[in-house]
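Accompanying notes for the structure given below.
No lab work stands behind these numbers, since they all come straight from the coordinates. Please read all numbers here as calculations on a predicted model, not as lab measurements. Virtual Cβ from ideal backbone geometry, glycine too; neighbours counted across all protein chains shown.
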Amino acid sequence: MTSLPIDLPEGFVPLVTQGDSVIIGQIIARKEAPKDEVVNIIEAFKVSRSRAKKTLRKGPGDRIDPGDVVAVKKNFFGKDVSKIVRQISGTIIRYERDTGNVVVRTDQDSSDLELISPVAGTVTLCNNREIAVETTGAYLSDGVTLGSTGEGTLFVLRESFDDQSDNTLYFLDSRVEGKMVLVKVLTRELIAKGESIGVTGFLGTTISNEDIDYLQQKQLSIPVIEITEELVTNLHSWENKKIMIEVRSKAIILRE
């Protein structure tokens with residue numbers, strides 16, 4: 001069994017408690033939808049209520065994207081002297097004449113407000129920082145992790161374990177496109193080639209400090225994780241099935 005830690009992003013509230021059983025995909029925390037954003041034209045431009053409306057460049061029903069101008073204040077000669085620019089995405093739902101408020105309903109994907117469990121198991125810890133789930137559906141590593149969280153079908157590059165002539169790079173071919181590749185030794189050359197041909201991540205038992213430094217500076221878009229020989233053995237049986245490498249918690253999550 002593995003105790004998988006799941007970080008709670010700021011603003012999320014747990015929906016489970018210690019001892020609860022959870023399944024894959026279950027919502028375990030939720031964040032309240034952000035409130036509508038209000039822009040007060042009168043205060044921003046120091047103008048009267050009657051003049052405030054005339055400054056508007058967008059009205060109810062209009063969409064706003066980051067960088068859009070909501071209102072423009074002009075001087076006596078018609079020259080722009082001030083603008084209200086918003087760095088949000090949403091739709092103006094109303095303009096309040098009495099207050100001078102422009103009310104914007106910001107875009108929000110419902111999935112951004114929910115945190116789901118990536119595994120099935122039992123909640124063993126639950127607070128305002130993290131939820132831990134005891135599970136058989138994940139492994140944790142003490143090794144180095146690099147890049148960003150990702151997932152894909154596990155592919156075992158057997159030549160890297162059997163071949164002693166250091167030709168692993170040669171065997172990395174079109175078979176690995178779209179796959180999470182398990183190899184014996186991780187190198188910068190191997191990872192660079194893998195990225196170029198569509199590998200979605202790498203797992204391996206060793207990687208040099210020099211290559212770690214190089215790859216950290218490169219800011220990888222795919223996950224790379226260093227694992228033990230024992231974990232290699234366990235993962236062999238999961239070949240051709242999906243896994244996720246969660247970089248922050250150093251977790252390998254088994255998918256069906």
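A few comments on the model shown:
- DSSP loop chymotrypsin sites (Phe, Trp or Tyr not before Pro) with at most 10 other Cβ within 10 Å: longest gap in the chain: 78-256
- Normalising the average separation of contacting C-alpha pairs (under 8 angstrom, six or more residues apart) by the number of residues puts the relative contact order of segment 37-106 at 37 percent.
- Here the dipole of the chain is about 2400 debye; that uses its Cα centre as origin and unit charges on the Cβ of Lys and Arg (positive) and Asp and Glu (negative).
- Cβ-based charge dipole, the chain, positive-most Cα from 224, 117, 192: 117
- Taking segment 142-245 as the region of interest, the number of lysine pairs whose Cα atoms are within less than 19 Å, with members eight or more places apart or on different chains, is 5.
- Bridging of residue 35 to lysines at a Cα separation below 28 Å is possible for 46, 53, 54, 58, 73, 83, once same-chain residues fewer than 8 apart are set aside.
- Within segment 1-66, trypsin sites (Lys or Arg not before Pro) in DSSP loop having at most 15 other beta-carbon neighbours inside 10 Å: 35, 46, 57
- Cα gyration tensor shape of segment 37-106, rounded if a/c is under 1.5, else prolate or oblate by comparing a/b with b/c: oblate
- Order of 244, 1, 180 under a 10 Å beta carbon neighbour criterion, fewest first: 1, 244, 180
- Among 186, 169, 146: highest mean-square fluctuation, GNM of the chain, C-alpha pairs under 10 Å: 169
- P(r), alpha carbons of the chain - 10 Å bins starting at zero, rounded %: 7, 23, 20, 17, 15, 12, 6, 1, 0
- Taking 6, 24, 93 and counting other C-beta atoms within 10 Å, the order from fewest to most: 93, 24, 6
- Fewest-first sequence of 70, 185, 39 by Cβ atoms within 10 Å of each Cβ: 185, 39, 70
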